[in-house]
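One structure is given below, encoded as structure tokens.
The values are calculated or read from the model by the stated rules, or taken from the named source; none is laboratory data. Here the structure is a predicted model, which means the values were calculated and not measured. All Cβ positions, glycine included, derive from the backbone under ideal geometry; neighbour counts span all protein chains shown.
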Amino acid sequence: MDDMVGAGIAVVAGLVAAFLLRMLLKWLGKHADRTKWGGDDVLVAALRTVVPSAAIAGGIAAAAAAMPLTKAVQHTVNQVLTVLLIFVVTVAAARLVAGLVRTVTTSRSGVAGSATIFVNITRVLVLAIGFLVVLQTLGISIAPMLTALGVGGLAVALALQDTLANLFAGIHILASKTVQPGDYIRLASGEEGYVEDINWRQTTVRALSNNLIVVPNGELAKTNMTNFMRPEQQLTILVQVGVAYDSDLDHVERVTCEVVTQVMTEIEGAVPEHEPLVRFHTFGDSRIGFTVILGVGEFSDQFRIKHEFIKQLHKRYRAEGIRIPAPARTVALQQGSVSIPQQRGAQIGIEPGEVSSARLD
């Protein structure tokens, strides 16, 4: 009777300890949310599972020790509790390590949930180590299993060539830092957008239309690609403009540079320290063409900045009397050139029976 009471007290003590520890971890979690570093949140979340479970397992183990059990039953109970504790610790460790990897990759790329290939690899490795520890605890030799895995690994590798190629291509892409989650890329096939995630098989790209483009890692590693975020995020864009031949080009350049400076300082996403640049380059059919160079913070900012620049430049040109001519063609009709058929005379105001001619000078 005393043994049963002692066992019950041990179980109750374990449950109470688990409850108190869970409340303590909940309180720590609230304080962890206030910090800038995300690692403490990951640590508290992992401990919320393992610490209360360890307290309960300890209470059950103490209860089993207090009861008059045979050595065989006691050994079995201890083994079961040990395996359960190892399992809980392994799961908590996998969550902790995967969470820390996710925190590091997110802090470097600035994209939530990015680079899940590293998260998945670390989680699988920790779980595999925990599984081997459980087998060793149960007295099962892992040497034959490792040998069998080594022999069967070749067959598995041959059967999963494409999958393994995508896996190692994804690791190579991230390790070489040619592409990172959050970058804006354009493929040789024409697809473009922001890299959302790089996992063990594929890279997910979000187009500006919010559609998702899925590219296998192996194909991404082999194709030609433009990364608009590297080596630096800022870039320059070119806007083509033309003015009439009777324009004062010095005046045009000065006014255009003033508009560029205004846009660079007032519009969000522009580069305020960008130096205005205007370069005349073409004598066109009806205009003198030149290029205006603008600075933008990132690729998607160019559309808004170009929009505002064209509006403000057009308004300023009208105020300054600077003309932007439309393309024009002059057609001269002369006698004695190309004959115009009689049936077309009514359409151009020629009396039937007359023959006229036209020539394009």
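Conditions first: (1) in contact with a Ser or Thr (Cβ under 6 Å, 6 or more places away or on another chain); (2) crowded, with 17+ Cβ neighbours inside 10 Å; (3) at pLDDT below 70. V111 passes all but one, so which condition is the exception?
Failed condition: (1).
Which of the numbered conditions does G193 fail, given that it passes all the others? Conditions: (1) modelled with pLDDT under 90; (2) out of contact with any Gly (no Cβ under 8 Å at 6 or more places or on another chain).
(1)
Please enumerate the residues belonging to the range 240-283 that are over 39 Å from the mean Cα position of the chain (by Cα) and not β-branched (V, I, T).
Pass one, the range 240-283, residues over 39 Å from the mean Cα position of the chain (by Cα): 243-255, 282-283.
Selection gives A244, Y245, D246, S247, D248, L249, D250, H251, E253, R254, F283.
Does T178 satisfy the criteria of being touching a strand residue (DSSP E or B) at 6+ places or on another chain (Cβ under 8 Å) and either among the polar types (S, T, N, Q) or modelled with pLDDT of 75 or more (or both)? Reasoning before the result, please.
On the way: touching a strand residue (DSSP E or B) at 6+ places or on another chain (Cβ under 8 Å): yes; either among the polar types (S, T, N, Q) or modelled with pLDDT of 75 or more (or both): yes.
Answer is yes for this residue.
Could you check the range 240-249 and list, in sequence order, the residues that are within 18 Å of F309 (Cα to Cα) and loosely packed, with under 13 Cβ neighbours inside 10 Å? Break it down into steps so the answer makes sense when it comes.
Residues of the range 240-249 that are within 18 Å of F309 (Cα to Cα), as a first pass: 240-243.
The one that is within 18 Å of F309 (Cα to Cα) and loosely packed, with under 13 Cβ neighbours inside 10 Å: Q240.
Among the residues of the range 190-207, count how many are in a strand (DSSP E or B) and surrounded by 17 or more Cβ atoms within 10 Å (Cβ to Cβ). First the steps, then the outcome.
The initial filter retains those residues of the range 190-207 that are in a strand (DSSP E or B), namely 192-198, 202-206.
Adding the requirement that they be surrounded by 17 or more Cβ atoms within 10 Å (Cβ to Cβ) leaves 192-198, 202-205.
Residues meeting the conditions: 11.
Looking only at strands (runs of 3 or more DSSP E) that fall completely inside the range 210-258, which ones have 1 or more residues that are within 22 Å of H274 (Cβ to Cβ) and touching a Phe, Trp or Tyr at 6+ places or on another chain (Cβ under 7 Å)?
Qualifying strands (runs of 3 or more DSSP E): 235-243.
Taking the range 285-315, which residues are basic (K, R) and farther than 15 Å from I267 by Cβ?
Listed by number, the list holds a single entry, R287.
Please go through the range 250-304 and pick out each residue that is of a type in the set (S, T, Y) and loosely packed, with under 15 Cβ neighbours inside 10 Å.
Looking only at the range 250-304, we keep the residues that are of a type in the set (S, T, Y), and these are 256, 261, 265, 282, 286, 291, 300.
Correct list: T261, T265, T282, S286, T291, S300.
Of the residues V119, V126, V101, which is modelled with pLDDT of 80 or more and β-branched (V, I, T)?
V126
Could you identify the single residue in N227, N217, N210 that is under 15 Å from the mean Cα position of the chain (by Cα), surrounded by fewer than 12 Cβ atoms within 10 Å (Cβ to Cβ) and either in the same structural domain as H314 (by TED's automatic domain parsing) or more than 30 Å from T282 (Cβ to Cβ) (or both)? Give the steps one after another, and end with the answer.
Numbers: N227 fails: surrounded by fewer than 12 Cβ atoms within 10 Å (Cβ to Cβ); N217 fails: surrounded by fewer than 12 Cβ atoms within 10 Å (Cβ to Cβ).
Only one candidate passes the filter, namely N210.
Just wondering, is there one or more residues in the range 156-173 that are modelled with pLDDT of 75 or more and part of a loop (DSSP other than H, G, I, E, B)?
Checked the range 156-173: no residue is modelled with pLDDT of 75 or more and part of a loop (DSSP other than H, G, I, E, B).
Considering (1) within 30 Å of T282 (Cβ to Cβ); (2) touching a strand residue (DSSP E or B) at 6+ places or on another chain (Cβ under 9 Å); (3) not in a loop (DSSP other than H, G, I, E, B), say which one T261 fails and leave the rest.
Single failed check for T261: (2).
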